[in-house]
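Notes follow once the structure below has been shown.
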Amino acid sequence: MKTAGRADVSGTDRLHYALTELHDAQLLAYDESGEGRIVEVFGDVATAEHIVIFVPGNDNGLGNYFDENRPTGPRASGWTLGRMLRTLGRNDHVAVIVWVGYRTPWGFLESFSRTLAERGAIDLARLTRILPRSAHVTLVGHSYGAVVCGLALPSARVDDCVVLGSPGMGTSSREDLCFAGNLWAALGPSDWIRYFPRVKIGRLGHGPSPVRAQHGAFVFGTGSIRGHCGYFADPSESLRNIARIGLGRYDEVTRPGELPPRLTASAIREDRSILGTRECR
């Protein structure tokens, strides 16, 4: 297994999508070059009525994907979401795809650039177009993953797009997304990403927050999740709402309740992710 570290990100090699197995994991794609890319499936995409594609943010690659000491890492989050989908949709056929199919930014400063998101969006959109056309497909992007999702939407085949703790979606407005489906957004009560600069100059910055009323997203409740990495905490209202959207149960999705508490400097230090060492562990 590759170890994490800086890699050459100049390549734009397309992912090759084909079902394979590795270490008891069912994979749709696997690329060991650089920091590596991996796309894992929980469930049977061939028969699924509802498919959720989860796109994580910073500091992810082959070197830490299978690390069992990452309770909020992409693999653990995807597995937890799949379990909630099966719990709420006992009679539904569901599948979750954990898509670390792009070279993610490493550290806080690199996440200001849209370059890596632009490259990843091409392969993400292509995946949505080869999935069964009868399936209800939902994109879920966390943090920088929301930027990848936003840039993929114009050419993707997606019914719903959910963005969590988003620094923006890579566009200046909802119209720029060219997306006719349902856009959903959530921001946890103590998520530091609310302080991310909302600018877009050249390839720097990711535009306005999708939770702003002007962006036209359906904003849903997260309950009392903590920090930037708690959106898949089980059994949070955040996780339940993501699963409800993935199952197409829109009337069951809850809205935000109380106004978020003020984020203090001590809370930011406790979250650690703002330091840029590891976004979510």
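The values are calculated or read from the model by the stated rules, or taken from the named source; none is laboratory data. Bear in mind that the values here come from a model prediction, so they are computed numbers and not experimental data. FYI the Cβ positions are ideal-geometry reconstructions off the backbone, even for glycines, and counts take in every protein chain you see. The protein model used for the area step is the full one, side chains on, heavy atoms only, and it has no ligands, DNA or RNA in it. Shrake-Rupley method; radii C 1.70, N 1.55, O 1.52, S 1.80 Å.
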If each of A46 and T115 carries a label point 7 Å out from its Cα toward its Cβ, how far apart are those two points in nm? 4.1 nm
Quick query: amide H of N60 versus all other amide H atoms, modeled in the peptide plane; which residues come in under 5 Å with a sequence gap of 5 or more or a different chain? T104
Output the direction-averaged projected area (hull surface divided by four) of the convex hull of the alpha-carbon atoms of the chain, in nm². 13.5 nm²
Go through S33, L183, L204 and say which Cα lies farthest out towards the positive end of the charge dipole of the chain; charges sit on Cβ, +1 for Lys and Arg, -1 for Asp and Glu. L204
Compute for region 63-120: radius of gyration divided by Kirkwood radius, i.e. Rg/Rh, restricted to C-alpha atoms, rounded to two decimals. 1.09
Placing one equal point scatterer on each C-alpha of region 1-137 and summing with Debye, one gets log10 I(q)/I(0) at q = 0.09 Å⁻¹ equal to -0.26
Solvent-free Debye scattering, log10 I(q)/I(0), computed from the Cα coordinates of region 78-157 at q = 0.14, 0.24 Å⁻¹: -0.53, -1.15
In sequence order, calculated HN-Hα J values of region 200-206 (Karplus, 6.51, -1.76, 1.60; Hz; x Gly/Pro): 8, 10, x, 9, 9, x, 10
Tell me, what is the per residue accessible area of region 51-193 in Å², probe radius 1.4 Å? 30 Å²
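Could you work out what % of the accessible surface of region 29-95 is carbon and sulfur, using a 1.4 angstrom probe and leaving DNA, RNA and ligands out of the count?
45 percent
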Based on alpha-carbon centroids, what's the gap between region 43-115 and region 176-247 in Å, whole number please? 16 Å
Please report, to two decimal places, log10 I(q)/I(0) for region 141-266 at q = 0.09, 0.15, 0.21 Å⁻¹ as given by the Debye formula with identical point scatterers on the Cα atoms and no solvent. -0.23, -0.65, -1.26
Tail beyond 18 Å, pair distance distribution of region 96-210 (Cα, percent): 45 percent
Over the chain, what is the relative contact order in percent, taking alpha-carbon pairs closer than 8 angstrom and at least six residues apart? 18 percent
